[in-house]
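The structure appears below as structure tokens.
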Amino acid sequence: MAKFDSIIIGAGQAGPTLAGKLTQSGRKIAFIERKLFGGTCVNNGCTPTKTLVASAYVAQKARTAADYGVTVQGEVAVDMKAVKARKDKIVADSRDGLEKWLRGMKNCTVFNGTAHFESPTEVRVGDELLTAKEIFINVGGRAVVPGFPGVDQVPHLDNVGILELDTLPRHLIVVGGSYVGLEFAQIFRRFGSEVTVIEKNSRLCHREDEDVSASIKAFLEKEGIAVRLNAECIHLHPNGNDIAAGVNCPDDGSDSIGSHVLLAVGRRPNTDDLGLDRAGVKLDKHGFITVDDQLRTSVPGIWALGDCNGRGAFTHTAYNDFEIVAANLLDNDPRRVTDRIPCYGLYTDPPLGRVGLTEAEVRKSGKPALIGTRPMTRVGRAVEKGETEGFIKVLVDATTKQILGASILGTGGDEAIHCILDTMYARAPYTNIQRAVHIHPTVSELLPTVFGDLKPLT
Ligand SMILES: Cc1cc2nc3c(=O)[nH]c(=O)nc-3n(C[C@H](O)[C@H](O)[C@H](O)COP(=O)(O)OP(=O)(O)OC[C@H]3O[C@@H](n4cnc5c(N)ncnc54)[C@H](O)[C@@H]3O)c2cc1C
């Protein structure tokens with residue numbers, strides 16, 4: 001049995017940086033990764049999708065070049081092989097850099113294989129049995145395959161498979177009108193595919209406010225994406241060489257017929273084949289590892305970080321999990337998950353930057369609140385760029401003047417949201433932003449104006 005001070009399982013967004021900190025503290029560690037270094041984000045999540053979003057943006061700009069007084073000769077075409085090669089290179093550079101760093105790390109032994117717990121202090125990988133007093137689980141998640149009727153009768157793609165395409169789908173059906181599905185829907189529409197989005201809820205991104213959902217739907221439809229909502233009875237079946245996706249029960253013949261189907265209906269944690277029962281680590285009913293506010297599992301000496309603990313579903317939350325664990329364990333700094341302010345982006349074009357509560361959540365809380373809004377048509381930078389879809393919305397506690405939440409759906413929204421986020425972390429009143437002088441011309445420069453023109457939320 002090989003003895004270590006610590007074992008880390010999974011080279012996602014928390015494990016590698018934790019390895020760096022633990023080895024710096026003098027620990028001898030074992031690092032286990034079963035597949036691709038960098039996990040979901042680097043290999044089949046954030047990095048490849050944002051690379052494709054960039055290619056899709058260029059295609060769209062080329063198509064609308066005349067609006068800017070620029071002439072593009074001939075039809076705009078997308079070379080999917082070249083698009084994929086660009087994406088693969090960016091992903092490989094990131095993955096390889098990370099793997100090289102870990103393999104070269106002093107006091108870190110890398111094992112390739114699937115980790116299984118044998119006991120609370122023992123982990124098997126292949127023929128090796130490793131033991132340590134500290135074990136950190138960073139195993140991430142994977143796409144859910146829903147139990148729709150017919151799902152096993154048709155070929156279907158998930159976020160991994162769709163990123164391997166080097167030819168253009170003639171007609172892509174995206175089942176799931178939320179963050180992952182909508183990014184792919186717009187990417188492939190801009191590449192030249194017909195695209196249909198099927199969503200069981202009554203609106204896209206149903207966790208967002210209704211006006212946000214409506215605006216997203218409007219700009220996607222404007223680009224020619226078909227959106228089918230209220231699809232409560234989704235079923236799939238072969239249709240010649242194509243795939244039919246029905247949305248109603250009983251089947252009323254209004255199927256969408258596509259050449260490819262992407263299933264983007266949620267993620268599940270990779271906790272089912274870890275042998276966690278042998279370690280006594282508790283899971284919740286969805287398979288997420290139960291953790292406390294400092295990411296300790298039910299078993300002393302075992303921590304869970306990233307998507308597998310159900311406390312976040314993003315790269316920044318997984319990375320923050322590393323910071324919380326390292327701060328508590330090594331720096332005597334009691335950082336906690338509940339110190340974190342919820343924030344994320346949706347990388348359609350224009351993007352959505354989100355922080356804190358939605359308007360619906362503020363209303364539900366019953367707090368006296370103030371609201372400020374501004375359409376992107378009244379943001380100079382957006383007008384100059386010819387990108388005026390969307391709007392800014394901010395919500396403030398009327399009594400304490402603390403910012404409760406914001407949505408910036410519009411060009412630069414994913415960046416501009418950070419001045420609001422940082423003000424919230426500083427626990428400063430909104431008047432700090434209102435009185436700040438921002439750079440002209442930016443989207444952020446309008447935030448003082450929006451905060452200066454708040455109205456009661458009635
Ligand atoms: C299409 C898509 C786009 C996304 N875009 C964004 C975005 O723009 N911004 C954002 O913040 N988030 C985004 N996400 C979410 C983000 O990718 C995840 O939240 C993030 O990768 C989670 O990191 P993690 O460290 O928890 O796990 P992962 O990155 O999934 O890493 C887990 C690692 O553990 C390994 N592993 C699993 N089980 C075992 C085992 N038993 N033994 C050994 N190794 C194992 C896996 O092989 C993997 O390498 C996106 C996700 C998808 C699917």
* Structure fact -> Regression test value, accessible area per residue of the chain, probe 1.4 Å, units Å², expected 45
* Using a 1.4 Å probe on the protein chains only, how many percent of the accessible area of segment 178-314 belongs to carbon and sulfur? -> 48
* Got a sec? Charge dipole of segment 311-458, +1 on Cβ for Lys and Arg, -1 for Asp and Glu; which of Gly312, Pro429, Val379 is way out at the positive end? -> Pro429
* Do any cysteines in the chain lack another Cys Cβ under 4.7 Å, and if so which? -> Cys108, Cys205, Cys308, Cys343, Cys419
* To do: Grab the DSSP H runs of the chain that are 4 residues or longer, score each as -39,500 (n - 2.57), total them, divide by all residues and round the 222 nm result to the nearest 500 deg cm²/dmol.
  => -9000 deg cm²/dmol
* Structure fact -> The ³J(HN,Hα) series, computed from each phi in segment 220-233 with the Karplus coefficients 6.51, -1.76 and 1.60 at θ = phi - 60°, rounded to the nearest Hz and given as x for glycine or proline, is 6, 5, 4, 8, x, 7, 7, 10, 10, 9, 6, 7, 7, 9
* Which FRET efficiency value, to the nearest 0.05, do you get for His440 and His286 by plugging their Cβ-Cβ distance into 1/(1 + (r/R0)^6) with R0 = 45 Å? -> 0.45
* Structure fact -> Per the rule of 0.36 nm per residue minus the C-alpha distance, extending Arg86 to Lys401 adds in nm 108.8 nm
* Asked: Just the accessible area for Leu165, please: 1.4 Å probe, Å², rounded to the nearest 10?
  -> 30
* For segment 43-156, what is the charge dipole size about the Cα centre, in debye to the nearest 20, if Lys and Arg each add +1 at the Cβ and Asp and Glu each add -1 at the Cβ? -> 440
* To do: Rounded to the nearest Å, what's the spacing between the alpha carbon centres of segment 151-188 and segment 273-328? Just the number, please.
  => 30
* **Kirkwood estimate for the chain, i.e. one over the average of 1/r between Cα atoms, Å** => 24.0
* Structure fact -> Counting only residues 5 or more apart in sequence or on a different chain, those whose built amide H sits under 5 Å from that of Leu404 are Leu395, Val396, Asp397
* To do: Just grab the label-to-label distance for Leu330 and Asp252, each label 7 Å out from Cα along the Cβ direction, in nm (one decimal).
  => 5.9
* To do: Could you state the orientation-averaged shadow area of the convex hull built on the Cα atoms of segment 314-458, in nm² to one decimal?
  => 9.5
* Rounded if a/c under 1.5, otherwise prolate or oblate - segment 149-242, Cα gyration tensor axes -> oblate
* Structure fact -> In debye to the nearest 20, the charge dipole size for the chain, taken about the Cα centre with +1 at each Lys and Arg Cβ and -1 at each Asp and Glu Cβ, equals 980
* Among beta bridges that DSSP assigns inside the chain, antiparallel share in %, nearest 5 -> 60
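The values are calculated or read from the model by the stated rules, or taken from the named source; none is laboratory data. Nothing here was measured: the structure is a model prediction, and the numbers come from that model. Positions of Cβ are backbone-derived with ideal geometry, glycine not excepted, and every protein chain shown enters the neighbour counts. Heads up: the accessible areas ignore ligands, DNA and RNA and are worked out on the full protein's heavy atoms, side chains in. Shrake-Rupley method; radii C 1.70, N 1.55, O 1.52, S 1.80 Å.
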